[in-house]
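Below is one structure, written out as structure tokens, with a few remarks after it.
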Amino acid sequence: MAMNNQLKLRLIIDGEVQAQCTQISVNLDGQAVRVDTLEGLAGKTEGAKSLEIDGNWAVPLGGLEFDFVTAIADGTYHEVQIPIGNKTIVTRGWFQSGSLSQSVNAATEASAKFIGELNAPQ
């Protein structure tokens, strides 16, 4: 199937589309806890739902598209959106970790991990 028939994820941080983002990974965790009784599986208890977003960026000569280094250092909260078809995941959270790397004859790359609350897509 041709790539133009597939959904391309976009990462939007504080209302700004991240045009230099080269990879996005979203991990969802309902953190439900299994409940067992002597008769067997009885159901679950709700957990603290969360999501983790890992993003990679190409770093242009002018610097980072989103300054996640300052966001991590200051511990600030941010709104992140990921459109998925006609719905959008909207979450609020913080940047937990990040890295910068560069190797011979390769572009400088950045990566960051965002942790936020899990809400149903709108």
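Average accessible surface for the chain: 67 Å² per residue, computed with a 1.4 Å probe over protein heavy atoms with every protein chain in place. Largest first, the three principal axis extents of the alpha carbons in the range 16-122 are 62, 31, 27 Å in whole numbers. Here the label points at Thr76 and Asn119, each 7 Å from Cα along the C-beta direction, are separated by 2.0 nm in the simple model.
Using the Cα coordinates of the range 39-99, the gyration tensor eigenvalues translate into equivalent-ellipsoid semi-axes of 33, 16, 11 Å, sorted from longest to shortest. Applying 1/(1 + (r/R0)^6) with R0 = 35 Å to the Cβ-Cβ distance of Ile12 and Val104 gives a FRET efficiency near 0.60. Sequence-ordered 3J(HN,Hα) estimates for the range 105-122 from the Karplus curve with 6.51, -1.76 and 1.60 and θ = phi - 60° stand at 6, 9, 6, 6, 10, 10, 9, 8, 10, 10, 10, x, 7, 9, 10, 4, x, 9 Hz, glycine and proline given as x. The label-point distance for Leu61 and Ser97, in a model that sets each label 7 Å from Cα toward Cβ, rounds to 3.3 nm. For the chain, the tally of Lys pairs with Cα-Cα distances below 24 Å comes to 5, considering only residues 8 or more apart or on different chains.
When only Cα pairs under 8 Å and 6 or more residues apart are kept, what is the percent relative contact order across the chain? Over the chain, the number comes to 27 percent.
When a 1.4 Å probe is rolled over the protein heavy atoms, the share of accessible surface on the chain that falls to carbon and sulfur comes to 52 percent.
The values are calculated or read from the model by the stated rules, or taken from the named source; none is laboratory data. Quantities reported herein were computed from a predicted structural model and do not represent experimental measurements. No Cβ is skipped: glycine too gets one built from the backbone with ideal geometry, and neighbour counts run over all protein chains shown. When the accessible area is computed, the model is the full protein with side chains, heavy atoms only, and any ligands, DNA or RNA have been set aside. Shrake-Rupley method; radii C 1.70, N 1.55, O 1.52, S 1.80 Å.
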